[in-house]
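*Asks:* Okay, here's the structure, questions in a sec.
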Amino acid sequence: MTGGDQDILLDCEAVSCTLATSRGPLALLKDVTFRLGRRTALGIVGESGAGKSMLIKGIMGLTPSDITVAGRIGLDGEDMVAMPEARKRALLGRKVGMVFQNPMTSLNPFVRVGRQIDEASRLHLRLGKAEARARAIALLSQVGIPDPQECYAEYPHRFSGGMKQRIMIATALACEPELLIADEATTALDVTVQKDILDLLQALQGQRRMSMILVTHNLAVVASRTDELLVLYGGRVVEYGPTERVFAAPRHRYTEALLSAVPRMDEPAHTRLRTIPGRPPDPQDRPAGCPFAARCPAAEERCRQEMPGMTLDADGRHGFACFVPVPAPGPGATAARAEATS
Amino acid sequence: MTARSQDIKAQDLEAASALPAPATARLRWPRLKGFEWFAFGFVALLIAAAVLVDVIPGLARPNFPYGDFSQPPEWSLNGLLGTDPLGRSILSRVLHGARTTLGIVAVATAIALAIGMTAGMLAGFYRGPVERAVDLYANTMASLPPILVILALIAVVGNSVLTMMLALGILDIGVYARIAKGGVIAQNDRDYVLAARAMGASDARILAREILPNLVPALTAIVPPLVAGLIITEGSLSFLGYGIPPPAPSWGGMIASSTDLLSRFPLLVVGPILAIVLTVYSLNTIGDSLARRLNDRNRNL
Ligand SMILES: Nc1ncnc2c1ncn2[C@@H]1O[C@H](COP(=O)(O)OP(=O)(O)O)[C@@H](O)[C@H]1O
Ligand code: SF4
Ligand SMILES: [Mg+2]
């Protein structure tokens, strides 16, 4: 992952999203830096309002017009921020596919399922009608639709939430993207269906050798399904690193609190993160210092004054922005962990 | 234990709702009431008659003095609605009038729909100055009496079938634009529009492929009543002598030419009036019926 640039698919550097308001600019997302390797799964975790969706919209260039994106978002070496619209449109859907939170609303109710899947492959790959249809039906069967031929000709309202999300996944995969982004893709679904969809996403990521970003407020979702983890709080990255390492030895106080709020990490636990006392700060009155200071049991005076910088651990793969980090376990323990994961 | 049974239930539901429902459920015509049958039937017949009027066997030419003047209705094809003061078949003239009127109104509606929908969709999508321009046009047209607008236009460019088509079309552009605009605004923030963007779709593609399909039902329901309105306007103009120039038959013109004789031959006016009243009634009924269908479907979606 830390290898040559060839292995990096997505390279975000100091990405900020700023909302223009009548009272001046308001930072919704600040200084987000991370890299995503090819064939790697990344989990982005944080409470509601942390800026997860904003980050995804920034990456996709889908931010509303009153929000400016700054920084560098390198997708396969091309900077999405500075890129002309037409080039961006050529990459969206082609190189990056996206699954949204609510399948009830993200499929067009008046357009047949088949056409919604064909759309991208006909647009980007210039496939003919028959070819696109064959591809769409194959995709529908891959995502576990029982009768793909029939589904192809139907309108979406005929299907349940879980089935709709499978259809949505098929649309995102229509051009065989190198990166699949799922923003809270299971949050709106019935509890029993959530695990099926997550398993499907994980399986597809492996089969198709693509990268994946799983965005969620639920740590349990990413526990066994991602290689890397990025924890967002108050519009900032507070901790990142290999998932196993962060789970085994969180260093940021917020991550620690999140983890202790999840009763079991190897299964979807459906536990809201709100079990941490207090609420995250509004973008309007985020403190000057650490955004977590108001809720942090270990907060010191300077936490409130200045923003902690990112501290990297020995091999530079695990970083956290905290003045009073959770003490690291003995070096032996971390090394053993790392060995077990690789 | 309850959790378990809930799980099973949810799975069953998932499986059950994924099954295709009876094949025609979506397209099935809702039960039509008697008067709705009449409305659809009448308009279908009228359109058929207007298209085929030249080849109806035995029907006299509209300007051919086929019998005695001002005869009451009798049991024959040409005499079904009686004859006018020149001995022409009123039925033939009503049907030829239908061809003229429906033709003009159809072209006018096509013009209004094409321009109005395009302008309205752009206004709803881009807002800003485009929206203000469209609103200004729609509000201005809505606040002027339609007859005045048309008379002014005729005064400038002269009276012809083409003028009538354009003038009537201009009247409805604003109405269609407003409806299209509202429909687009309601969809701008929908997730499927965002999803289309995430697939790399351009603005034009999103408008045509994602937003337009959702506008069609609402626009379809509003077309029949607006067409009815145009028929009334066209009839009023012809009645005032500014419509299609005689001797071409038109409903309004027929009513106008029989008013002098109304006290002696009241039956003269029945044919064209019946034609206008039944057509307008039927179109409005069809509009209501389509709107009801639309509501039912929206509730099911
Ligand atoms: N279009 C927008 N305009 C203004 N503020 C926004 C907009 N979208 C999101 N925000 C704000 O940005 C913050 C992050 O939102 P979001 O990225 O949606 O959070 P989440 O992590 O739950 O996905 C929130 O405080 C939200 O109110
Ligand atoms: S920087 Fe200070 S306030 Fe923030 S998490 Fe660390 S200890 Fe808590
Ligand atoms: Mg979100």
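The values are calculated or read from the model by the stated rules, or taken from the named source; none is laboratory data. Quantities reported herein were computed from a predicted structural model and do not represent experimental measurements. Neighbour counts are summed over all protein chains in view; Cβ atoms, including those assigned to glycine, are modelled from backbone coordinates with ideal geometry. Side chains included, ligands, DNA and RNA excluded: accessible areas come from the protein's heavy atoms. Shrake-Rupley method; radii C 1.70, N 1.55, O 1.52, S 1.80 Å.
*Asks:* Report relative contact order for chain A in percent, whole number only (criteria: Cα-Cα under 8 Å, sequence separation at least 6).
*Replies:* 19
*Asks:* D for chain A, whole µm²/s, Stokes-Einstein with Kirkwood Rh over alpha-carbon pairs at 10 °C and 1.306 mPa s: what number?
*Replies:* 76
*Asks:* So how much accessible surface do B and A hide from each other in total, probe 1.4 Å, in square angstrom to the nearest 100?
*Replies:* Rounded to the nearest hundred, the buried surface is 3000 Å².
*Asks:* Let me ask something else. Tell me, what HN-Hα J-couplings in whole Hz come from the Karplus equation 6.51 cos²θ - 1.76 cosθ + 1.60 at θ = phi - 60° for each residue of segment B:194-201, using x for Gly and Pro?
*Replies:* Taking θ as phi minus 60°, the curve returns 4, 4, 5, 4, 5, 8, x, 6 Hz for segment B:194-201.
*Asks:* Can you tell me the Rg and Dmax of segment B:23-110, counting just the alpha carbons, in angstroms?
*Replies:* 17.0, 58
*Asks:* Further question on the same structure: Among residues other than B:TRP251 whose Cβ falls under 12 Å from its Cβ, what is the net charge (Lys/Arg +1, Asp/Glu -1)?
*Replies:* Charge balance near B:TRP251 sits at +1.
*Asks:* Moving on to the next point. Using the Karplus curve 6.51 cos²θ - 1.76 cosθ + 1.60 with θ = phi - 60°, what ³J(HN,Hα) values do you get for each residue of segment B:93-109, in whole Hz, with x for Gly and Pro?
*Replies:* Karplus-based 3J(HN,Hα) across segment B:93-109 equals 5, 5, 5, 5, x, 4, 4, 4, 4, 5, x, 4, 5, 5, 5, 4, 5 Hz.
*Asks:* Okay, helix-only estimate at 222 nm for chain A: each DSSP H run of n ≥ 4 adds -39500 (n - 2.57), divide by all residues, round to 500 deg cm²/dmol; what do you get?
*Replies:* Numbers: 13 runs with 116 residues, N = 342.
It comes out at -9500 deg cm²/dmol, rounded to the nearest 500.
*Asks:* With point charges of +1 on the Cβ of Lys and Arg and -1 on the Cβ of Asp and Glu, referenced to the Cα centre of chain B, which listed residue (B:THR83, B:PRO129, B:VAL51) lies farthest in the positive direction of the dipole?
*Replies:* Of the candidates, B:PRO129 comes out farthest on the positive side.
*Asks:* Does chain B come out rounded, prolate or oblate by the C-alpha gyration tensor, with a ≥ b ≥ c the root eigenvalues, rounded set by a/c under 1.5 and, if not, prolate when a/b is larger than b/c and oblate if not?
*Replies:* Oblate is the answer for chain B, as a/c is 1.5 or above yet b/c matches or exceeds a/b.
*Asks:* So, for chain A, what is the accessible surface per residue at a probe of 1.4 Å, expressed in square angstrom?
*Replies:* That works out to 42 Å² per residue.
*Asks:* Here's another thing I want to ask about it. Quick check on packing: order A:84-97, B:160-173, A:210-223 by the mean number of other C-beta atoms within 10 Å, highest mean leading.
*Replies:* Details: A:84-97: 18.7, B:160-173: 20.6, A:210-223: 23.4.
Top of the packing list down: A:210-223, B:160-173, A:84-97.
*Asks:* Across the residues of A:169-182, average count of Cβ atoms on other protein chains within 10 Å?
*Replies:* 1
*Asks:* So what is the orientation-averaged projected area of segment A:1-102, using the convex hull of its C-alpha atoms, in nm²?
*Replies:* Projected area, direction-averaged: 7.4 nm².
*Asks:* Okay, next question. If you fit an axis through the alpha-carbon atoms of helix B:270-300 and take the longest principal axis of the Cα set of chain B, what angle between them do you get, 0 to 90°, nearest 10?
*Replies:* In chain B, helix B:270-300 runs at an angle near 0 degrees to the longest axis.
*Asks:* Of the heavy-atom accessible surface of segment B:177-294 (probe 1.4 angstrom), what whole percent is carbon and sulfur?
*Replies:* 66
*Asks:* Okay, moving on. Calculated from DSSP H runs of 4 or more alone, at -39500 (n - 2.57) each and per residue, what is the 222 nm mean residue ellipticity of chain B, nearest 500?
*Replies:* Details: 10 runs with 205 residues, N = 301.
Taken over chain B, the calculation gives -23500 deg cm²/dmol.
*Asks:* Still on this structure: So for chain A: antiparallel DSSP bridges make up what percent, rounded to the nearest 5?
*Replies:* Once the DSSP bridges in chain A are tallied, antiparallel ones form about 60 percent.
*Asks:* If you take the Cα Rg of segment A:81-129 and divide it by 2.2 N^0.38 Å, with N the number of residues, what do you get?
*Replies:* Expressed relative to 2.2 N^0.38 Å, the Cα Rg reads 1.32.
*Asks:* Further, regarding this structure: Could you go through segment A:6-14 in sequence order and give the Karplus-derived ³J(HN,Hα) for each residue, using 6.51 cos²θ - 1.76 cosθ + 1.60 with θ = phi - 60°, rounded to whole Hz, and x for Gly and Pro?
*Replies:* Result, ordered by residue: 4, 7, 9, 9, 10, 10, 9, 10, 6 Hz.
*Asks:* Is there a simple number for the mean count of other chain Cβ atoms within 10 Å of the Cβ of residues in B:186-197, and what is it?
*Replies:* Per-residue shielding by partner chains comes out at 6.
*Asks:* In straight Cα distance, which lysines are under 16 Å from A:LYS57, not counting same-chain residues fewer than 8 positions off?
*Replies:* Cα-Cα hits under 16 Å: A:LYS30, A:LYS88, A:LYS95.
*Asks:* Are there DSSP H segments in chain A that both extend 24 Å or more along their axis (alpha-carbon positions) and score a mean Kyte-Doolittle hydropathy of at least -0.5? List them, or say none.
*Replies:* Values: long enough: A:191-207 (25 Å, 0.23).
Correct list, ordered by number: A:191-207.
*Asks:* Once the other residues with Cβ under 10 Å from the Cβ of A:GLY49 are scored (Lys, Arg +1; Asp, Glu -1), what is the net sum? Write down the numbers at each step before the final one.
*Replies:* Details: positive: A:LYS52, A:ARG279; negative: A:GLU47, A:ASP282.
My count for the surroundings of A:GLY49 gives 0.
*Asks:* Ok, one more. Could you do me a favour and compute the accessible area per residue for chain B, 1.4 Å probe, result in Å²?
*Replies:* Numbers: 15290 Å² over 301 residues.
Roughly 51 Å² per residue, with all protein chains present.
*Asks:* Report the charge-dipole magnitude of the protein assembly as shown in Debye, nearest 20, computed about the Cα centre from +1 at each Lys and Arg Cβ and -1 at each Asp and Glu Cβ.
*Replies:* For the protein assembly as shown, the charge dipole is close to 520 debye.
*Asks:* Another one. Give me the one-decimal nm value for the distance between modelled label points at B:ASP54 and B:LYS33, 7 Å along each residue's Cα-to-Cβ direction.
*Replies:* 4.1
*Asks:* Please compute the volume of the convex hull spanned by the alpha-carbon atoms of segment B:93-242 and report it per residue in Å³.
*Replies:* About 114 Å³ per residue, rounded to a whole number.
*Asks:* For B:THR118, put the label point 7 Å out on the Cα→Cβ axis and report which residues of segment B:149-189 keep their amide N under 14 Å from it.
*Replies:* Label zone hits: B:173, B:177.
*Asks:* A follow-up question, please. What angle do you read, to the nearest 10 degrees and between 0 and 90, between the alpha-carbon axis of helix B:146-157 and the longest principal axis of chain B?
*Replies:* Its long axis makes an angle of about 70 degrees.
*Asks:* Mind checking the angle between helix B:2-18 and chain B's longest principal axis? C-alpha axes, 0 to 90 degrees, to the nearest 10.
*Replies:* Once rounded, one gets 40 degrees.
*Asks:* Using a 1.4 Å probe on the protein chains only, how many percent of the accessible area of chain A belongs to carbon and sulfur?
*Replies:* That fraction is 49 percent.
*Asks:* Then there's this: Which far-off residues, 5 or more places away or on another chain, put their amide H under 5 Å from the one on A:MET98, with H placed in the peptide plane?
*Replies:* Here the answer is A:ILE181, since their amide H atoms fall under 5 Å of that of A:MET98.
*Asks:* Please compute the average number of Cβ atoms from other chains found within 10 Å of each residue's Cβ in peptide A:102-111.
*Replies:* That average works out to 6.
*Asks:* While we're on this one: Over the Cα atoms of the protein assembly as shown, compute the convex hull volume and normalise it per residue, giving Å³.
*Replies:* That works out to 203 Å³ per residue.
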